[in-house]
1. Hey, does the stretch 211-226 have a residue that's in contact (Cβ under 8 Å) with a residue 60 or more places away in the chain, surrounded by 16 or more Cβ atoms within 10 Å (Cβ to Cβ), closer than 20 Å to Val143 by Cα and under 18 Å from the mean Cα position of the chain (by Cα)?
2. How about the stretch 149-192: which of its residues are of a type in the set (Val, Ile, Thr) and either touching a residue at least 40 places away in the same chain (Cβ under 8 Å) or under 23 Å from Asp223 (Cα atoms) (or both)?
3. Based on what the data block shows, is Phe161 modelled with pLDDT of 95 or more and crowded, with 24+ Cβ neighbours inside 10 Å?
4. Could you tell me whether the stretch 307-319 includes any residue that is among the hydrophobic types (A, V, I, L, M, F, W, C), closer than 19 Å to Lys264 by Cβ, surrounded by fewer than 18 Cβ atoms within 10 Å (Cβ to Cβ) and touching a strand residue (DSSP E or B) at 6+ places or on another chain (Cβ under 9 Å)?
5. Restricting attention to the stretch 114-135, does a residue exist that is under 29 Å from Ala273 (Cβ atoms) and in contact (Cβ under 8 Å) with a residue 12 or more places away in the chain?
6. Taking the stretch 166-210, which residues are among the hydroxyl-bearing types (Ser, Thr, Tyr) and buried (at least 16 other Cβ atoms within 10 Å of the Cβ)?
7. Which of the residues spanning the stretch 292-306 are at positive phi and either surrounded by fewer than 20 Cβ atoms within 10 Å (Cβ to Cβ) or not assigned by TED's automatic domain parsing to the domain that holds Ala86 (or both)?
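The values are calculated or read from the model by the stated rules, or taken from the named source; none is laboratory data. Every value quoted in this text rests on a predicted model; they were computed, and no experiment measured them. Because the Cβ atoms are built from the backbone with ideal geometry, glycine has one as well, and the counts that use them run over all protein chains shown.
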Amino acid sequence: MTRLTTSLFIVMTLIAVAACSGSGGSVAPSAATSQPPAAPAGGATAVTIKDFQFTPATTSVPTGSKVTWTNNVARYSQAKTEALKAVVDDRIYVFGGFVRDSLGEGPVSGADYYDTSTNTWHQVADLPRSFTHAGMAVDGHNVYIVGGYYGTKPHTYAQVFSDREVWVYNTDTNTYRQTTPLPVPVAGGGAAIIGRDLHYFGGYKSDRSDATYHFVMDLDHPDQGWHNAAPIPMSRSHVAAVQLNGKIYAVGGQTGIDPLYFPKADVQVYDPATNSWSRGASMPQPLSHIHSSTFVMGGRIIVIGGDTLQGGGPPQTAVLAYNPGTNTWTRLTSLPTGRIGAVAGQVNGTIYVLTGRDLQSQTRIVDSLKGIPVA
């Protein structure tokens, strides 16, 4: 039988199966074993038709170095920097942060989310305090807000520079509740969840000196409190924290405080199976203020923007990707303009960059960006 004849036979067979599969000619999956059709005359090869089960196509994220950036994203109503971030379903939540307006300048408690499916912003319940510099981690529809700075006088920079409180925001009920507080006041560290354990590490002590803390709490048994795990070897604040392949990655950050702080390029990797830290390949450049603009996409860790010089410097346009399989970094297409303290994340393979500031001009950024990986 020729290839054309065989193809025609398969098509005719599919039509016959559809016609015999119930009203409307639809093909319904069945657990029963279907009988193969009789072999056609002339010695043609018999073709067995198995039950059909249609699976939705999955989106594959390109892992090359090119990204197409556009500003075809709804503008945020309030320009912020160093806001806290959580990505839940198709929404990117922006909590707190620093704002400058006609009434003054300082941390705020306002919170909103950007709905990527409708390109719209929506206000949610204010934070219990005007938090910044908190560790953030997401467990389903619960967002954990761990430690941090909080403001004490609106429209000013009067702040408490560490906190023991741990708050849980539920996206379904739009409410906050407290859970077991940390053993000591902290701020500026990283938070991540592996399995049912919430980790908090690094950051500042209450006197704003650098810390190597590493605390762990079982989310299913918060009444049992926090316990110590292996300290992070190199103390870092403003550190980015992500979980990938069962390990925690502490990326970049800084030592010291304003105005004498030092951005870092180090990558520290925690393995809960051995309760130990190791070193990953360092970033191509030191970066701080990337704690809300670092995320996982396509099996890689993506880092966006930040600052790289002692005490600040110009906002960076850098977009970096780390591959844990090869322990290498790749530079992706840069941002159109630099941002420090931005909120960035990905939803369904599209990158969104929200908020941030130009450190030199102190301009808060209200425009948002969308990045489409193309290769």
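1. No: zero hits.
2. If the condition is that a residue be of a type in the set (Val, Ile, Thr) and either touching a residue at least 40 places away in the same chain (Cβ under 8 Å) or under 23 Å from Asp223 (Cα atoms) (or both), then Thr156, Val166, Val168, Thr171, Thr173, Thr175, Thr179, Thr180, Val184, Val186 are the ones that fit.
3. No; evaluated as a whole, the condition is false for this residue.
4. Within the stretch 307-319, one or more residues are among the hydrophobic types (A, V, I, L, M, F, W, C), closer than 19 Å to Lys264 by Cβ, surrounded by fewer than 18 Cβ atoms within 10 Å (Cβ to Cβ) and touching a strand residue (DSSP E or B) at 6+ places or on another chain (Cβ under 9 Å).
5. For the stretch 114-135, residues under 29 Å from Ala273 (Cβ atoms) and in contact (Cβ under 8 Å) with a residue 12 or more places away in the chain: present.
6. The answer is Tyr169, Thr171, Tyr176, Thr179, Thr180, Tyr200, Tyr204.
7. Answer for the stretch 292-306, where residues must be at positive phi and either surrounded by fewer than 20 Cβ atoms within 10 Å (Cβ to Cβ) or not assigned by TED's automatic domain parsing to the domain that holds Ala86 (or both): Gly298, Gly299.
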